[in-house]
1. Pull out all pairs, ordered by first then second residue, where Cβ-Cβ is under 9 Å, the residues are six or more apart or on different chains, the first lies in region 118-142 and is free of Cβ contacts under 8 Å to residues at least 12 places away in the same chain, and the second is open to solvent by 80 Å² or more (accessible area, probe 1.4 Å) and within 16 Å of the ligand (Cβ to nearest atom).
2. Does residue 67 satisfy being in contact (Cβ under 8 Å) with a residue 12 or more places away in the chain, buried (at least 16 other Cβ atoms within 10 Å of the Cβ) and more than 13 Å from the ligand (Cβ to nearest atom)?
3. Looking at (1) more than 16 Å from the ligand (Cβ to nearest atom); (2) exposed (fewer than 13 other Cβ atoms within 10 Å of the Cβ), which is the only condition residue 138 fails?
4. So residue 132 clears everything in (1) open to solvent by 40 Å² or more (accessible area, probe 1.4 Å); (2) among the hydrophobic types (A, V, I, L, M, F, W, C); (3) away from the ligand (no atom under 12 Å from the Cβ) except one condition, right? Which one?
5. List every residue pair whose Cβ atoms sit under 6 Å apart, with the two residues 6 or more apart in sequence or on different chains, where the first one lies in region 76-97 and is farther than 18 Å from residue 109 by Cβ and the second, anywhere, is basic (Lys, Arg) and more than 11 Å from the ligand (Cβ to nearest atom).
6. Which of the residues that make up region 109-129 are assigned to a strand (DSSP E or B), open to solvent by 30 Å² or more (accessible area, probe 1.4 Å) and β-branched (Val, Ile, Thr)?
7. Right, residue 94: in contact with a Ser or Thr (Cβ under 6 Å, 6 or more places away or on another chain), away from the ligand (no atom under 12 Å from the Cβ) and small (Gly, Ala, Ser) or not?
Amino acid sequence: MSTPTASAPPARSGRGRTIAVAAVLIIVFIVAAYLLYPSSSTPGKSVVNIANGTGSNQSLNFNPSTITVVIGMNNTVVFTNHDVTEHTVTFMSGPSGVSLTSISDSNLAAGTNYTVTLSTAGTYHYKCTIHAWMSGTIIVESS
Ligand SMILES: [Cu+2]
């Protein structure tokens, strides 16, 4: 003798199915957005951090010290100073025609950030003029 089986659930109404499809679509969009814009960086921007202690620890540097960006995608770079002391972002070289002084920041105070958009493709080298061990490279690629 078999035990009674549960009766089949009532068929979904048309409205219920619409809601289920909408929920699936929303989940798909959220996953797609997450894959397109990883949480590690702000959409459209690239991030370079200066960790607390970098000004007194020669094993620390701009982080990451080398980045590659693409014009129109993420060629706006945000330098954030998490340190307790001042730093600079002083460009030493870049593509010809680019004014290095106009893209540099000579006073990146503790707890502040500096945003620069690099719109000319090429390789840029920068340093901190206060701490000789701090230097970085930004490679800007055409889109
Ligand atoms: Cu510095």
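The values are calculated or read from the model by the stated rules, or taken from the named source; none is laboratory data. Bear in mind the structure is a predicted one, so any value in this text is a computation, not a measurement. A quick note on method: Cβ atoms are made from the backbone with ideal geometry, for glycine too, and the neighbour counts reach across all protein chains shown. The area values use the complete protein model at the heavy-atom level, side chains included, leaving out ligands, DNA and RNA. Shrake-Rupley method; radii C 1.70, N 1.55, O 1.52, S 1.80 Å.
1. The qualifying pairs are 132/58.
2. yes
3. (2)
4. Checking residue 132 against (1) open to solvent by 40 Å² or more (accessible area, probe 1.4 Å); (2) among the hydrophobic types (A, V, I, L, M, F, W, C); (3) away from the ligand (no atom under 12 Å from the Cβ), the one that fails is (3).
5. 76/45
6. 115, 117, 123
7. Criteria not met by residue 94.
Residues are listed down the side, and each one gets a yes or a no for (1) modelled with pLDDT under 95; (2) part of a strand (DSSP E or B); (3) away from the ligand (no atom under 16 Å from the Cβ):
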{"residue": "22", "(1), (2), (3)": "yes, no, yes"}
{"residue": "29", "(1), (2), (3)": "yes, no, yes"}
{"residue": "33", "(1), (2), (3)": "yes, no, yes"}
{"residue": "39", "(1), (2), (3)": "yes, no, yes"}
{"residue": "52", "(1), (2), (3)": "no, no, no"}
{"residue": "58", "(1), (2), (3)": "no, no, no"}
{"residue": "90", "(1), (2), (3)": "no, yes, no"}
{"residue": "100", "(1), (2), (3)": "no, no, yes"}
